[in-house]
Every structure is written in structure tokens, then in C-alpha cells.
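Here is the structure we will look at.
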Amino acid sequence: MRTHLLLLFIFVYSVNTLPPKGCTSCLMVPVERHPHSGSFEVQKVIDDKGCFAQRLKCRGNKPNADTFVQFNQGSSGFLAHGEQEVKLECTNDGQWKFVHLEREGVTVESMACLST
């Protein structure tokens, strides 16, 4: 009986400590700091599909400033007037993707919030 309880305990413990897989395995994307960085807020949440999503809210350094959300050390990004919010989705491959208007996404390894 004790052997069965021990085996059951080991099984339950190992199931609870298995590493996450798929769209729940992404770690937070690092946010780069630059001399012209704006203020930002980052949240990691679970979306309606049960997958991790990361939201970055980027604000300018002064009222009415333009903001630039930059991905992968400047390889891509976009400019907007005022505050902007972007959402990254964790894929089944365990990578963060930014998808805009259902087009081909950008795999994101780092991001930055810049202000003009």
C-alpha cells in the first residue's frame, strides 16, 4: 500500500512540475532601454485560446509625443502619434509573434518603446 502511495505521489509531483509546452512556454520578451526610451508597461496574460499573450503599452516622454515600438533591435516596428499598445502571441512553437491585421507575423525576440 505504501509503495502505491509513493508511486502516486511521484506521479502527481512529476505531472505538476513538467515544463510548459506550446503556447504556454514563452518567457517574457526583454524590453530594451535606449536614450530616447518612452515609458512603458508590460503584462503577460492568458488569452481566450488559453495561450500566453504579452501586451506592451508605450507612452511618449511628453504630451503629444510620437512613439515608436521597435522589434528585434530595430529590424522592424512602427511609429504612431501618442500612446500605443501592441499584443504579442505565444505560438505553439514557443515563440512570440506580432501579427497585424491577420497578415504574416514577425517573430519577436526583443522590443523597445522609443519617444520623439
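Quick notes
- Residue count for the range 90-116, restricted to those that are in contact (Cβ under 8 Å) with a residue 60 or more places away in the chain and either among the polar types (S, T, N, Q) or outside any loop (DSSP other than H, G, I, E, B) (or both): 13
- Counted residues, the range 44-79 - those being aliphatic (A, V, I, L, M) and surrounded by 13 or more Cβ atoms within 10 Å (Cβ to Cβ): 4
- The listed residue being at pLDDT 85 or above and hydroxyl-bearing (Ser, Thr, Tyr), out of Thr17, Thr24: Thr24
- Taking the criterion of being of a type in the set (A, V, I, L, M, F, W, C) and closer than 16 Å to Leu88 by Cα, the residues of the range 28-67 that qualify are Met28, Val29, Val31, Phe40, Val42, Val45, Ile46, Cys51, Phe52, Ala53, Leu56, Cys58.
- Close contacts from the range 37-60, counting a first residue that is free of Cβ contacts under 8 Å to residues at least 24 places away in the same chain and a second that is assigned to a strand (DSSP E or B) and of a type in the set (Gly, Ala, Ser), with Cβ to Cβ under 8 Å and a gap of 6+ residues or different chains, come to Lys44/Ala53; Val45/Ala53; Ile46/Ala53.
- The residue list Lys62, Lys87 contains one member that is outside any helix (DSSP H, G or I), within 25 Å of Gly22 (Cα to Cα) and of a type outside the set (Val, Ile, Thr), which is Lys87.
The values are calculated or read from the model by the stated rules, or taken from the named source; none is laboratory data. Keep in mind it's a predicted model, so treat the numbers as computed, not measured. Cβ atoms come from the backbone with ideal geometry, glycine included; neighbour counts cover every protein chain shown.
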